[in-house]
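Below is one structure, written out as structure tokens, with a few remarks after it.
The values are calculated or read from the model by the stated rules, or taken from the named source; none is laboratory data. Just so it is clear, the structure is predicted and the values come from calculations on it, not from any experiment. When we count neighbours, we look across all protein chains shown, and the Cβ atoms used for this are built from the backbone with ideal geometry, even at glycine. Surface accessibility is based on the protein's heavy atoms, side chains included, excluding ligands, DNA and RNA. Shrake-Rupley method; radii C 1.70, N 1.55, O 1.52, S 1.80 Å.
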Amino acid sequence: MLDRNGQLMNARIAKDGQWRFPELDSTPYKFREAIISYEDKTFEEHWGVSLISLARALYQNLSAGEVVSGGSTLTMQVARMSRNSERTLWNKFIEMIWSYRMELRYSKEEIMNMYASHAPFGGNVVGLEAASWRYFGLPPERLSWAQAATLAVLPNAPGLIHPGRNRDLLIEKRNRVLAILTERGKIDSLTYQLALQEPLVEAPADLPTLAPHLMTRLIKEGRQGQRLKSTLDIQKQEHFTSLLQNYQQKLNSNQIHNSALLIVDLRKNEVVTYVGNGTTDVNYARDVDIIRAPRSTGSILKPFLYAALTQEGKLHNEMLIPDIPLRFENFAPKNFENQNDGAVRAGSALARSLNVPAVYLLQEYGTEKFLHLLQRSDLKHIDKSAEHYGLSLILGGAESSLWDIAGVYSGMARTLSYYNLTGMYNKTTWDRPKYLEGVDRTSRDHRSSTHFDAGSIYLILKTLLEVNRPYMESSWKYFSSSKKIAWKTGTSFGHRDAWAVGCTPEYLVAVWVGNASGEGRPEIIGTSAAAPVMFDVFSKLSTEQNWFEPPHDELIKMEICAESGHRSTHKCNRTETVVVHKNARRSTPCNFHQTILTDVTESYQFYVHCSNGYRTKPVSRFVLPPLQAWYYRHSHPEYKPLPPFHPDCESGISGNQLAIIYPENGSDLLATKDLSGKVNGFVFEAAHPIQNARIFWHVDNQFIGTTSVIHTINYLPTPGIHKLTIMDEEGNEASVRFEVLE
């Protein structure tokens, strides 16, 4: 396997234990002249057989009383190698016939290439290219005259003479070749004298073993026995392999033994660095290619859901979406910090990677529909049904590989760049990155995208710029030299997988950290384990400071309610104009405002029938649903709940001011036991819009307690169906039914 500039990166020994490279398409000049000088001086003139050489060999053999010379031309030696036959007079005659036929069929250059590719060079080394790398660590075209002369000697007696032994005889033969080259005028006297001073090579060199996991991948694809030119950059591969291994040493101290790194040049859609595993310890699955391994996705899929909803006009970054506790039969998603905001801007929810809003959005979008989108995006490992994954699909309930995830992120970046350049879409922008040089796939341009359009991609990548960077990167905005990087992390359930994927218009960097065995560790967190590697890689990549241009024809300016973020209406007190996807004009208008009748100080609410004698005014107020409001006001002190009704109007109050958070209506509850075997109670939870209000709790009309400020109460009902009722001091009440299972 070669890098993009033709430098050798890796080679694997053949199944028969021989170092044998694919055939050369040309023989370097120095070796060609050296082998002709040593083996076959009339190579360019004869027709496969040299009668003069045969006669000279016969004379030498008779004089010595043994076979000391075969008199074979290079063409005859190729014939012998192809037949793999013993040295007998009959076989020599057959080789002569084959040589004549070869000279008629092939050019001298082709015959020389066959010889150089298949000649034995001692030990288990076959062919010039393998010998050049094994003995000198160089490609054959970069050999010196002394090195070329050394290799020219070896095929003559590979079992007797090689650099490991008989060094005096080897250097004598090498110097004889150099002398003949000088006599033939191929080198001058100064070159000859300098070549004589070159020492012989010591022990055979190890061949390069860069990107071993990609090499294995190519072999599994059936490419063994081929010379492959990859898209990798050998300098980047060496540098970033070392960088990841340095991080791996630090991770090892926390019992985190594996990592992987992929770098893609987005301008060419080519992989420039492929580090399938950062560990060098064979005891920790060193040979496993993590880049291709299916792992739990954590939160890494969230941008795709946000992009899909943005493209449909159902979501934009400033829109408030719920962030309240959700509970399903066997699934209760929690945010990473185990807190809820009540309501949160969609862009902030994505930048902070909040879990609960993502589950809410998936429920709104539809699991089946989102699953189809992921499968259409060629995430091959996400291959089960929507019923199998459920809503956990967005939080890591599915598995995918670093290769496939990087492919979708790179597709988004390349689609946006292509659209900004041409104003059109092309299916090839979603092709997986290449790791071998070859002809690019072609496709006609289209006016619509097969996946996400440029407007939704731009808005999502812009949001991902705002993700808080770890450690020293947190103040990146204050430095003019800082790179704009759209990035996302993911952490799987049980802390088994840490992801970090980031992109600029030029590069995509994808990192995975964890244990190949699947063992979880508390420190396996995307932000702290994988993201630092990604940012370190970006800091060492030579990139421009430009950013993606906005696709203006897919974006519009829209007036929104400043408080809710939804499309403004006449009830909104404050509005602002933001840039959104063109389809956002179809989004739902703001319905979070209520017009109430209040006194001039806005201390009380009134009904018209009870406002006589008071100075009142109509006021439009931003009002969230009770459950959202209860959480929202903790992080938004500026939020004002509705004022209470004036005492003169209390008789006309209607409507429910309360919300039961847990249990949900119709839910089934199963009690758990602690380590001592004691059955634990259930923690019921409620919300009230007035902070200091008291709530009175009843189960099956039996009073069980009172709460204030924090409305949670522990209670263990008997098995069976029960009714939970709560009531405040104003007489407002709420109730749910639930069943306790045995």
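What pairs come up if the first residue lies in segment 540-556 and is without any contact (Cβ under 8 Å) to a residue 60 or more places away in the chain, the second is open to solvent by 100 Å² or more (accessible area, probe 1.4 Å), and their beta carbons are under 8 Å apart, counting only those six or more places apart or on different chains? Cβ pairs passing all conditions: ILE556/ARG585. Taken over segment 600-636, the criterion of being open to solvent by less than 70 Å² (accessible area, probe 1.4 Å), modelled with pLDDT of 85 or more and of a type in the set (A, V, I, L, M) is satisfied by VAL619, VAL623, LEU624, ALA629.
Flag set for THR280, criterion: β-branched (Val, Ile, Thr) and open to solvent by 50 Å² or more (accessible area, probe 1.4 Å).
Confirm whether LEU301 is buried (at least 24 other Cβ atoms within 10 Å of the Cβ) and among the hydrophobic types (A, V, I, L, M, F, W, C). Here the answer is yes, as LEU301 does meet what is asked. Considering GLY407, GLY396, the condition of being within 22 Å of ASN258 (Cβ to Cβ), free of Cβ contacts under 8 Å to residues at least 40 places away in the same chain and open to solvent by less than 20 Å² (accessible area, probe 1.4 Å) is satisfied by GLY407 alone. In the set (1) out of contact with any strand residue (DSSP E or B) (no Cβ under 7 Å at 6 or more places or on another chain); (2) open to solvent by 50 Å² or more (accessible area, probe 1.4 Å); (3) at pLDDT 95 or above, LYS427 fails one condition alone, (3).
Cβ-Cβ contacts under 6 Å between residues 6 or more apart (or on different chains), taken from a first residue in segment 72-83 that is closer than 17 Å to LEU128 by Cβ to a second residue that is among the charged types (D, E, K, R), are listed as LEU74/GLU39; LEU74/ASP40. Restricting segment 117-144 to residues that are assigned to a helix (DSSP H, G or I) and among the aromatic types (Phe, Trp, Tyr) leaves a set whose member that is nearest to LEU170 (Cα to Cα) is TYR135. Looking across segment 727-742, the residues that are open to solvent by less than 50 Å² (accessible area, probe 1.4 Å) and at pLDDT below 90 come down to ASP728, GLY731, ASN732, ALA734. Pick from segment 199-234 the residues that are without any contact (Cβ under 8 Å) to a residue 60 or more places away in the chain and within 14 Å of TRP133 (Cα to Cα): which of them is least open to solvent (accessible area, probe 1.4 Å)? Looking at the filtered set, the residue picked out is ALA203. Mind checking which residues of segment 233-278 are hydroxyl-bearing (Ser, Thr, Tyr) and at pLDDT 95 or above? Answer for segment 233-278, where residues must be hydroxyl-bearing (Ser, Thr, Tyr) and at pLDDT 95 or above: THR241, SER242, TYR247, SER259, THR273, TYR274.
Within segment 172-184, is there a residue that is closer than 22 Å to GLN147 by Cβ and in contact with a strand residue (DSSP E or B) (Cβ under 8 Å, 6 or more places away or on another chain)? No, segment 172-184 contains no residue that is closer than 22 Å to GLN147 by Cβ and in contact with a strand residue (DSSP E or B) (Cβ under 8 Å, 6 or more places away or on another chain). Within segment 483-515, the set of residues being small (Gly, Ala, Ser) and either within 12 Å of the chain's Cα centre (by Cα) or surrounded by fewer than 20 Cβ atoms within 10 Å (Cβ to Cβ) (or both) comprises GLY490, GLY494, ALA498, ALA500, GLY502, ALA510. Of all residues in segment 181-240, count the ones that are under 30 Å from LYS41 (Cβ atoms) and not in a loop (DSSP other than H, G, I, E, B). Number of matching residues: 12.
Which residue is most open to solvent (accessible area, probe 1.4 Å), if the candidates are limited to segment 139-167 and must be modelled with pLDDT under 85 and closer than 15 Å to GLU202 by Cβ? Here the residue is ARG165. Being open to solvent by 30 Å² or more (accessible area, probe 1.4 Å), in contact (Cβ under 8 Å) with a residue 60 or more places away in the chain, part of a loop (DSSP other than H, G, I, E, B) and not aromatic (Phe, Trp, Tyr) is the filter here, so list the residues in segment 325-351 that pass it. Listed by number, the residues that qualify are ARG327, GLU329, ASN340. Does LYS571 fit the bill of being among the basic types (Lys, Arg), modelled with pLDDT of 95 or more and under 29 Å from ILE321 (Cβ atoms)? No, not satisfied.
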